[in-house]
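One structure is given below, encoded as structure tokens.
Readers should treat all values here as calculations from the given coordinates under stated rules, not as data from a laboratory. Keep in mind that what you see is a predicted model, and the values were worked out from it rather than measured. So basically every Cβ, Gly included, is an ideal-geometry build from the backbone, and we count neighbours across all protein chains shown.
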Amino acid sequence: GAVVSQHPSRVICKSGTSVKIECRSLDFQATTMFWYRQFPKQSLMLMATSNEGSKATYEQGVEKDKFLINHASLTLSTLTVTSAHPEDSSFYICSAIPGGLGAFFGQGTRLTVV
Amino acid sequence: GENVEQHPSTLSVQEGDSAVIKCTYSDSASNYFPWYKQELGKRPQLIIDIRSNVGEKKDQRIAVTLNKTAKHFSLHITETQPEDSAVYFCAARSPPGGYNKLIFGAGTRLAVHP
């Protein structure tokens with residue numbers, strides 16, 4: 001199947017700092033990628049849709065200035081958590097859809113803000 | 001927007017028994033319904049999917065049924081094995097124009113006991 005790679009897999013940062021997470025499609029081009037957030041034992045909550053060459057589309061309740069998304073190429077989308085706080089600690093996971101049907105997910109990034 | 005409900009939240013079965021997970025969706029225009037399996041600490045993996053023009057699809061021990069009129073779809077796992085233990089998520093795809101984004105159900109934690 002298609003490969004989506006996400007880095008880093010784990011990151012610990014201090015409160016107030018920013019963290020960048022990368023999502024790459026390795027064997028296909030992705031004009032659109034999706035960013036999800038998953039709390040322990042909960043579902044995948046869509047945060048935003050990343051669009052290559054244009055602004056991301058954010059879901060209701062997601063702060064655009066807090067979660068900066070950049071999709072500068074057909075194979076790379078980045079999510080930057082700015083001025084992170086402990087409540088931002090979560091599992092962040094990206095996905096892309098090769099061929100227009102099933103989504104393939106990155107490995108996920110476990111963010112811990114201390 | 002689309003809303004997906006999933007039941008049960010937990011399911012415990014004996015090895016060899018069948019397991020059924022049910023989901024309902026709200027948007028009658030949704031046209032694609034995948035199922036994902038997520039093991040602890042890992043990324044969700046697509047296990048089976050169904051399009052809105054099909055009523056049933058089967059892949060070895062896994063099958064999915066779709067009732068468009070009632071707006072519900074179900075995952076059926078037969079002859080369950082301990083390695084089937086995981087969290088299963090259903091999802092529905094927003095109609096074209098929604099960037100193919102997937103909305104997920106809350107998840108079902110399946111435990112298969114030897």
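Above 19 angstrom, tally the Cα pairs of segment A:52-114 and express them as a % of all pairs, no decimals. Percent of Cα pairs beyond 19 Å in segment A:52-114: 39.
Rounded to the nearest 5, what is the percent of antiparallel bridges among the DSSP beta bridges in chain B? DSSP beta bridges in chain B are roughly 90 percent antiparallel. Here, chain A is characterised by an Rg to Rh ratio of 0.95, where Rg is the alpha-carbon radius of gyration and Rh the Kirkwood radius. Within straight-line reach of residue A:20, meaning a Cα separation under 21 Å, sit the following lysines at least 8 residues removed in sequence or on another chain: A:55, A:64, A:66, B:42. Peptide B:36-45 shows a mean partner chain C-beta count of 4 within 10 Å per residue C-beta.
Pair-distance distribution P(r) for chain B, from all Cα-Cα distances in 5 Å bins starting at 0: 2, 13, 24, 24, 19, 10, 5, 2, 0, 0 percent. Taking every DSSP bridge with both residues inside chain A, close to 90 percent are antiparallel. Per q in 0.30 Å⁻¹, report the Debye log10 I(q)/I(0) for segment A:1-64, using one uniform scatterer on each alpha carbon and no solvent. At q = 0.30 Å⁻¹ the computed log10 ratios are -1.30. Most simply put, the protein assembly as shown has about 90% antiparallel DSSP beta bridges, counting only bridges with both residues inside it.
What's log10 of I(q)/I(0) for segment B:62-114 at q = 0.29 Å⁻¹, Debye sum over Cα points only, no solvent? Values returned for q = 0.29 Å⁻¹ are -1.18.
Semi-axes of the equivalent ellipsoid for the protein assembly as shown, computed as √(5λ) from the eigenvalues of its C-alpha gyration tensor and ordered from largest down, come to 30, 21, 15 Å.
Packing-based ranking of A:33-46, B:34-47, A:4-17 yields A:33-46, B:34-47, A:4-17, ordered from highest to lowest mean Cβ neighbour count within 10 Å.
Relative intensity of segment A:33-77 on a log10 scale, I(q)/I(0) at q = 0.22, 0.31 Å⁻¹, equals -0.74, -1.13, per a Debye sum over C-alpha point scatterers of equal strength in the absence of solvent. Report the percentage of all Cα-Cα pairs in segment B:29-71 whose separation exceeds 17 Å, rounded to a whole percent. Tail of the P(r) past 17 Å holds 38 percent of the pairs. Only aspartates and glutamates eight or more places from residue B:22 in sequence, or on another chain, were considered; those with a Cα closer than 16 Å are B:5, B:49, B:56.
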